[in-house]
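**Q** Dropping the structure in here first, questions after.
The values are calculated or read from the model by the stated rules, or taken from the named source; none is laboratory data. In this text the structure is predicted, and so the values were computed from the model without any measurement. Every residue, glycine as well, gets a Cβ built from its backbone with ideal geometry; the counts of neighbours run over all protein chains shown.
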Amino acid sequence: MIKAIVTDIEGTTSSIEFVHKVLFPYAAKNLPEFIRTQRGVSEVESALESVAKNANIDIDDTEKLVAQLLRWIADDKKVTALKTIQGLIWGRGYRNGDYTAHIYPDALKKLAEWYQNGTTLYVYSSGSVHAQKLFFGFNDGGDLRYLFKDYFDTTTGPKRDANSYRSIQEAIGLPAEDILFVSDIVEEVDAAATSGMQTVWIQREPAKLLTHPQHQCVNNFSDIDVS
């Protein structure tokens, strides 16, 4: 029996277009000024130290750090330091009312239903935990943070690595078979299945719904079976 559900965000609960056409351009546009004006802020400096080490850049060379971060955004790199900085920038946008985060109506309805039924809900996304909380806090569906008990990001580990899901299972404190992971990326649900979790491969807009022997395969949250 499913007692906990862990969900991805981009392409799963929410539109990829919102992330790529709203959030990423917003971060890219505002990142240079943000970095230049926030040097010395502890959370920013910590992320920049990671960028400098990762890219072999002098920590004092602000413009090279900015250029590297912009390249990572353009290449859609899943770099934890970049995700941290993006989350801080997106926070300004949410609080300024520049946008609210998208959620599919079927995802909102089903997440609320599971919550009401006592299923414990979690998020695992490549975006930072800070960005995840902003995403669900400033959402088209309202403030949805109450739905989720906890959040996981790539500080737990890569999303295509089975050990990441083992770490999440240990943090949740339930047997792996009692946990369901939902994502639109087959390599992620493959990794979760390797860890022993039950899995759903959600395919939002396929020409034809693909099947898989290990995973539930659905078009939307309404078709997910948690019995």
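**Q** For residues in segment 31-43 being more than 21 Å from the chain's Cα centre (by Cα) and part of a helix (DSSP H, G or I), which is surrounded by the fewest Cβ atoms within 10 Å (Cβ to Cβ)? Outline the logic, then answer.
**A** Here is the first cut: in segment 31-43, the residues more than 21 Å from the chain's Cα centre (by Cα) are 32-42.
Narrowing further to those that are part of a helix (DSSP H, G or I): 32-38, 42.
Values: 32: 15, 33: 11, 34: 20, 35: 21, 36: 12, 37: 10, 38: 16, 42: 7.
Checked segment 31-43; the qualifying residue surrounded by the fewest Cβ atoms within 10 Å (Cβ to Cβ) is 42.
**Q** Also: Which residues, taken from segment 47-76, are within 19 Å of the chain's Cα centre (by Cα) and surrounded by 15 or more Cβ atoms within 10 Å (Cβ to Cβ)? Spell out how you get there, then give the answer.
**A** Just the residues of segment 47-76 that are within 19 Å of the chain's Cα centre (by Cα), to begin with: 47, 69, 72-76.
Answer for segment 47-76, where residues must be within 19 Å of the chain's Cα centre (by Cα) and surrounded by 15 or more Cβ atoms within 10 Å (Cβ to Cβ): 47, 69, 72, 73.
**Q** Next question, about the same structure. Any residue in segment 191-215 that is assigned by TED's automatic domain parsing to the domain that holds residue 10 and over 16 Å from residue 159 (Cα atoms) sitting within a Cβ distance under 8 Å of a residue that is assigned to a loop (DSSP other than H, G, I, E, B) and among the aromatic types (Phe, Trp, Tyr)? List the pairs, counting only those 6 or more apart or interchain.
**A** 204/104
So that you can scan it fast, the table gives a plain yes or no per residue for (1) over 20 Å from residue 75 (Cα atoms); (2) in the same structural domain as residue 120 (by TED's automatic domain parsing); (3) modelled with pLDDT of 95 or more:
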position	(1), (2), (3)
9	no, yes, yes
23	no, no, no
26	no, no, yes
30	no, no, yes
33	yes, no, yes
36	yes, no, yes
40	yes, no, no
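**Q** Turning to a different aspect of this structure: Among the residues that make up segment 132-142, is at least one of them in the same structural domain as residue 36 (by TED's automatic domain parsing), among the small types (Gly, Ala, Ser) and in contact with a helix residue (DSSP H, G or I) (Cβ under 9 Å, 6 or more places away or on another chain)? I'd like the intermediate steps shown before the answer.
**A** First, pick out the residues of segment 132-142 that are in the same structural domain as residue 36 (by TED's automatic domain parsing): none.
For segment 132-142, residues in the same structural domain as residue 36 (by TED's automatic domain parsing), among the small types (Gly, Ala, Ser) and in contact with a helix residue (DSSP H, G or I) (Cβ under 9 Å, 6 or more places away or on another chain): absent.
**Q** Moving on. Residues of segment 157-179 being without any contact (Cβ under 8 Å) to a residue 12 or more places away in the chain and in contact with a helix residue (DSSP H, G or I) (Cβ under 6 Å, 6 or more places away or on another chain), which ones?
**A** 157 - this is the single residue of segment 157-179 that is without any contact (Cβ under 8 Å) to a residue 12 or more places away in the chain and in contact with a helix residue (DSSP H, G or I) (Cβ under 6 Å, 6 or more places away or on another chain).
**Q** With the requirement that a residue be within 24 Å of residue 132 (Cβ to Cβ) and at pLDDT 95 or above, what does segment 47-67 give you? Talk me through it step by step, then tell me what you get.
**A** Filtering segment 47-67 for residues within 24 Å of residue 132 (Cβ to Cβ) gives 47-51, 54.
Within segment 47-67, 47, 48, 49, 50, 51 meet the criteria.
**Q** Is it the case that residue 167 is of a type in the set (Ser, Thr, Tyr) and either closer than 18 Å to residue 113 by Cβ or crowded, with 21+ Cβ neighbours inside 10 Å (or both)?
**A** Working: of a type in the set (Ser, Thr, Tyr): yes; either closer than 18 Å to residue 113 by Cβ or crowded, with 21+ Cβ neighbours inside 10 Å (or both): no.
It is false that residue 167 is of a type in the set (Ser, Thr, Tyr) and either closer than 18 Å to residue 113 by Cβ or crowded, with 21+ Cβ neighbours inside 10 Å (or both).
**Q** Follow-up. Being aromatic (Phe, Trp, Tyr) and surrounded by 21 or more Cβ atoms within 10 Å (Cβ to Cβ) narrows it down to one of 124, 146, so name that one.
**A** Details: 146 fails: surrounded by 21 or more Cβ atoms within 10 Å (Cβ to Cβ).
Exactly one residue qualifies, and that residue is 124.
The rows are residues; the columns are (1) under 21 Å from residue 3 (Cα atoms); (2) touching a residue at least 60 places away in the same chain (Cβ under 8 Å); (3) out of contact with any His (no Cβ under 7 Å at 6 or more places or on another chain); (4) aliphatic (A, V, I, L, M).
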{"site": "83", "(1), (2), (3), (4)": "no, yes, yes, no"}
{"site": "100", "(1), (2), (3), (4)": "no, no, yes, no"}
{"site": "106", "(1), (2), (3), (4)": "yes, yes, yes, no"}
{"site": "132", "(1), (2), (3), (4)": "no, yes, yes, no"}
{"site": "155", "(1), (2), (3), (4)": "no, yes, yes, no"}
{"site": "181", "(1), (2), (3), (4)": "yes, yes, yes, no"}
